[in-house]
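The values are calculated or read from the model by the stated rules, or taken from the named source; none is laboratory data. For clarity, every value in this text was computed on a predicted model and none was experimentally measured. When we count neighbours, we look across all protein chains shown, and the Cβ atoms used for this are built from the backbone with ideal geometry, even at glycine.
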Amino acid sequence: MNFGFTQEQEMLRDQVRRFMTEACPMATVRELTAIDAPFSDSLWNQIAELGWLGLIVPEPYGGIGLKWIDLALVLEETARGLSPLPILSQALATAAVLRAGNDEQRANWLPALASGTTRATLALYDEPNWFDPKAVTLTGTTVDGGIELNGRKPFVSDAMSSDQLLLACHGPAGLSLAVIGQSQVTVTREPSMDTTKPTGSVHLDHVHVPDGCLMPLTNEDLAYLSDCGAVAVTAEMVGAADTTLTMTCNYAKERIQFGKPIGQYQGVKHRLADMFVDVESFRSLLYYAAWCVDDAPDELPRAISLAKGYASDAFAKIGIDGVGLHGAIGFTAEYDVQLYLKRSKWSRPMYGDSDYHLERVATLGGI
Amino acid sequence: MDFEYTPEEQAFREEVRGFLAENLPPKSERNKDFLATWLTKVREKGWVGFSWPREFGGSDGGLIEQAILREEMALAKAPPLGTSFMGLAWVGPGIIRYGTEAQKKKFIPDILDSKVTWCTGYSEPNHGSDLASIQCKAVPEGDNYVVNGQKTWTTGAAFSQWIILLTRTRFDVDVKHDGITCLLVSMDTPGIDVRPIENMAGDKHFAEIFFTDVKVPVENRLGTEGDGWKVTVSALANERSSIGEVTQMFAKLDTLKALVKRTKKQGQPAGRDPKVRRTLAVFETRVAAMKYNGLRYLTKQIKGEPLTSETSVNKLHRASLEIEMDDFAVELTGQAGLQLRGGSDAVANGKWAKSSLNWPNVVIGGGTPNIQRNIIAERILGLPKD
Ligand SMILES: Cc1cc2nc3c(=O)[nH]c(=O)nc-3n(C[C@H](O)[C@H](O)[C@H](O)COP(=O)(O)OP(=O)(O)OC[C@H]3O[C@@H](n4cnc5c(N)ncnc54)[C@H](O)[C@@H]3O)c2cc1C
């Protein structure tokens, strides 16, 4: 029994932490997320070099052959500094190819995903808050040697910076993922609250997707990819919530009112203690869920619903109180804590809010 | 990261299970004779004081084995391994750590053999959370300390033979934690007056105790004079791992689910009500969080990394669950939920009603939630002290 990390994993954690403080500090995050800022190829190449994009890719495909628990560590640490680099999107696209791709597709796509030469993203549902095969509404028509897609795919994370878009749709053969080059479509960036999580709409106008670029998806595959999405998002929530707590504690130690640091008042310190309880708790649940992806897949649905069911509301509250406990300065654009509040808002519905996950906990728990 | 047990650990678990299958009858068949036999048998197995050093009658049991033992005992809903809960939880470990050879010889075997029951005399009427301010006075006089003062909320005082007593031997101290002395006192000593107090659930489990010129031999002092705070803190820190506790919480959650399944709310099956479903699911996330927090902390301990005050995290979860789960059951079952044992419409023979009045055992008895929050804020987050 060992519910802890190995030395190698701790080294990976340190490496990501160092990268975030040295190469991608908050000033850089703000530059990169300015409207119309160009994508940072240099940072992307650095993390590709460090191997983070190929963590879950098996070695024969040019990856490192590690597990989701290692990926979760990287996501936790990059989210600590609100990294806008599309590591999460890349990981989910990779997970989709690993799960649904045939041998040829895996061989064709995985090496480029692992090395970062191709950037990709995954978009499953067309509905904003519904996680079900019926919530995929984009539908293709049969054409010679493939399908044709018309319409719009909303809510595509990192669409603007992705070379390849993996879009769920219904085709003649049922539910599928269509792999589409960005040059075949028009992408509009949607104005969204959290600029560190750029999101776009993808407009499809007579887009031809050849059979070789279609990956059939069973309902189980769809559910699995949703769960992976929830694991990835919750891992980021752990890091971002933990930083919100640290920032707010630091502020509470320095800010003096009525002659004392505000952190001495229990209205402040007890709320911070409760935040700690929550972050510790959804951290433990998330580590367990991430471990389940590879080592106990049957338990993944319940495990991730416990984690995201807990984290969704807890982080939302942490985001709000993080700002609130800073007073007016927390409301300023200049101060970073507000960016964490926005991240908490972004995280909440992604791959299921608390209602969705808690309902699933109830069902899986026999109620 | 893995959740596998080594073959030796697995074998130990099998041994515990085998023992339970053989020696633990169903609850309905457990009478008084059974308890006596049970206590002898678990003692023979070396499972009482399992983690204590062998030379003092323990088994030197490792952390994982302790967790396994507790988990299996809780799963089987087995009775405790001894009659002196406090003796096993902190008096014994305190004596092993700070006691003289004579004290160890005198007290340890009786705790392990369930011959002597201990109670804990820390709290006073004016000093509860602020324990270090206690005033109960002990004055050295020849071979004795003479104790005068009052203790209160002493659980089990009326049926315990010994008490671990926190007294003040010096009043002119700069720091309140100094000048405290820990004494081991026989409850038969003249001058001790125990007056049971009834609690809101109708039980008289705790009592107030008055000490008038009570003579305690110096040889019954635990640790050095004036060092009682250290002795106490180390004893309180000697806390049970939460694994067995989590097993009990999961069992309670299952009972609660079963209750929901056979209950109607506004004429409809309660299990279909979204609020009911959500509430149960939230309980489950928190019990599961306790489990995985506990396993993370256990792993840290096994690796020899220092634990600071992380156990307060699970204590806070436990405190709120303790209140909310019973309260939920009572609310769910309407007026029937209010009936106590024997009521014509009582739910589970009044079990939920009764336990919904007993949360202070956990929520106040072991240090209040506000105090746990202070501990987390100050010791883990580094915020300034009140
Ligand atoms: C069932 C039960 C069994 C017990 N058994 C024993 C026993 O066997 N032996 C023994 O010695 N004691 C025992 N106790 C006493 C227990 O340890 C105390 O009740 C506990 O430490 C709280 O002290 P108090 O009751 O004096 O409350 P107080 O300390 O007066 O607290 C009252 C309220 O004020 C809050 N408060 C106090 N200080 C602060 C602060 N600094 N910041 C914020 N809030 C604060 C508390 O959280 C609480 O809500 C038992 C209590 C109970 C309920």
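Could you please find all residues in segment B:332-346 being without any contact (Cβ under 8 Å) to a residue 24 or more places away in the chain, in a helix (DSSP H, G or I) and either in the same structural domain as B:Gly202 (by TED's automatic domain parsing) or surrounded by 15 or more Cβ atoms within 10 Å (Cβ to Cβ) (or both)?
Answer for segment B:332-346, where residues must be without any contact (Cβ under 8 Å) to a residue 24 or more places away in the chain, in a helix (DSSP H, G or I) and either in the same structural domain as B:Gly202 (by TED's automatic domain parsing) or surrounded by 15 or more Cβ atoms within 10 Å (Cβ to Cβ) (or both): B:Ala336, B:Gly337, B:Leu338.
Only one of B:Arg278, B:Arg318 is within 12 Å of another protein chain (Cβ to nearest Cβ) and within 16 Å of the ligand (Cβ to nearest atom); which?
B:Arg318
What's the number of the condition B:Asp130 fails, among (1) away from the ligand (no atom under 14 Å from the Cβ); (2) more than 19 Å from the chain's Cα centre (by Cα)?
The one condition B:Asp130 does not meet is (1).
Just name the residue that is nearest to the other protein chains (Cβ to nearest Cβ) out of those in segment B:371-386 that are of a type in the set (Val, Ile, Thr) and out of contact with any Phe, Trp or Tyr (no Cβ under 7 Å at 6 or more places or on another chain).
Top of the filtered list is B:Ile375.
Identify, please: which residue in segment B:135-166 is more than 18 Å from B:Asp188 (Cα to Cα) and in contact with a helix residue (DSSP H, G or I) (Cβ under 9 Å, 6 or more places away or on another chain) and is, among those, nearest to the ligand (Cβ to nearest atom)?
That would be B:Pro140.
Any residue in segment A:36-44 that is touching a Gly at 6+ places or on another chain (Cβ under 7 Å), aromatic (Phe, Trp, Tyr) and surrounded by fewer than 24 Cβ atoms within 10 Å (Cβ to Cβ)?
Scanning segment A:36-44 turns up at least one residue that is touching a Gly at 6+ places or on another chain (Cβ under 7 Å), aromatic (Phe, Trp, Tyr) and surrounded by fewer than 24 Cβ atoms within 10 Å (Cβ to Cβ).
If you scan segment B:62-99, which residues turn out to be small (Gly, Ala, Ser) and touching a residue at least 12 places away in the same chain (Cβ under 8 Å)?
Selection gives B:Ala67, B:Ala74, B:Ala76, B:Ala78, B:Gly82, B:Ser84, B:Gly87, B:Ala89, B:Gly92, B:Gly94, B:Gly99.
From A:Gly4, A:Gly65, grab the single residue that is part of a loop (DSSP other than H, G, I, E, B), of a type outside the set (Phe, Trp, Tyr) and closer than 22 Å to A:Trp109 by Cα.
Among A:Gly4, A:Gly65, only A:Gly65 is part of a loop (DSSP other than H, G, I, E, B), of a type outside the set (Phe, Trp, Tyr) and closer than 22 Å to A:Trp109 by Cα.
How about segment B:1-54: which of its residues are under 30 Å from B:Gly99 (Cβ atoms) and not in a helix (DSSP H, G or I)?
Of everything in segment B:1-54, those that are under 30 Å from B:Gly99 (Cβ atoms) and not in a helix (DSSP H, G or I) turn out to be B:Gly46, B:Trp47, B:Val48, B:Gly49, B:Phe50, B:Ser51, B:Trp52, B:Pro53.
Can you confirm whether B:Leu69 is among the aliphatic types (A, V, I, L, M) and not assigned by TED's automatic domain parsing to the domain that holds B:Thr189?
In short, yes.
Can you tell me which residue is farthest from A:Tyr251 (Cα to Cα) among those in segment A:331-367 that are more than 9 Å from every other protein chain (Cβ to nearest Cβ) and β-branched (Val, Ile, Thr)?
A:Thr332
Looking at segment B:9-37 only, could you name the residues that are at pLDDT below 95 and among the acidic types (Asp, Glu)?
B:Glu29, B:Asp33
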